[in-house]
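Accompanying notes for the structure given below.
Please treat every number below as a calculation from the coordinates, not as lab data. Remember, it's a predicted structure, so these values are computed and weren't measured experimentally. In this analysis, Cβ positions are derived from the backbone assuming ideal geometry, glycine residues included, and neighbour counts consider all displayed protein chains.
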Amino acid sequence: MPVYQSSAFAMPSAEAGRGITEGHLPEFTYSRVGNPTVGVLEKRLAAQGSCIGAACLGSEMGAISNALRR
């Protein structure tokens with residue numbers, strides 16, 4: 001699996017961009033929201049723990065905020 005070191009991803013069209021942003025199309029828009037490398041990590045962690053899913057965050061504070069918000 002390659003490491004994607006990009007912050008934004010190209011959109012094929014405005015309509016596709018809208019579908020991606022609204023969650024109708026399974027693509028990536030911006031690295032802070034998710035990217036292919038983190039997606040693979042989340043899937044592997046979930047499989048290792050026999051879980052439905054996993055969420056990887058960019059900082060400890062992000063993880064704490066995410067945990068407290070739920």
Work out from phi, with θ = phi - 60° and the Karplus expression 6.51 cos²θ - 1.76 cosθ + 1.60, the ³J(HN,Hα) of each residue of region 14-23, listed in order in whole Hz, and give x for Gly and Pro.
5, 5, 5, x, 5, x, 5, 5, 7, x
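Place the peptides 56-68, 17-29 in order of packing, highest mean first, counting for every residue the other Cβ atoms within 10 Å and averaging per peptide. Can you show the working numbers first?
Working: 56-68: 10.6, 17-29: 13.2.
In decreasing order of mean packing, 56-68, 17-29 become 17-29, 56-68.
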Among (i) 1.20; (ii) 1.01; (iii) 0.97, find the value of Rg/Rh (Cα atoms, Kirkwood Rh) that was calculated from the structure presented, and write down its label.
(ii)
Once phi is turned into ³J(HN,Hα) by the Karplus curve 6.51 cos²θ - 1.76 cosθ + 1.60 with θ = phi - 60°, what whole-Hz value does each residue of region 40-46 show in order, with x for glycine and proline?
5, 4, 4, 5, 5, 5, 5
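Which peptide among 37-49, 4-16 comes first, and what is the full order, when sorted by highest mean count of other Cβ atoms within 10 Å?
Numbers: 37-49: 13.4, 4-16: 11.2.
Ranking, from highest mean packing down: 37-49, 4-16.
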Rank Val3, Leu25, Val38 by how far each Cα sits towards the positive end of the charge dipole of the chain (+1 on Lys, Arg Cβ; -1 on Asp, Glu Cβ) and give me just the farthest.
Val38
Given +1 on the Cβ of Lys and Arg, -1 on the Cβ of Asp and Glu, and no further charges, what dipole in debye does region 14-69 carry about its Cα centre, rounded to the nearest 20?
120 debye
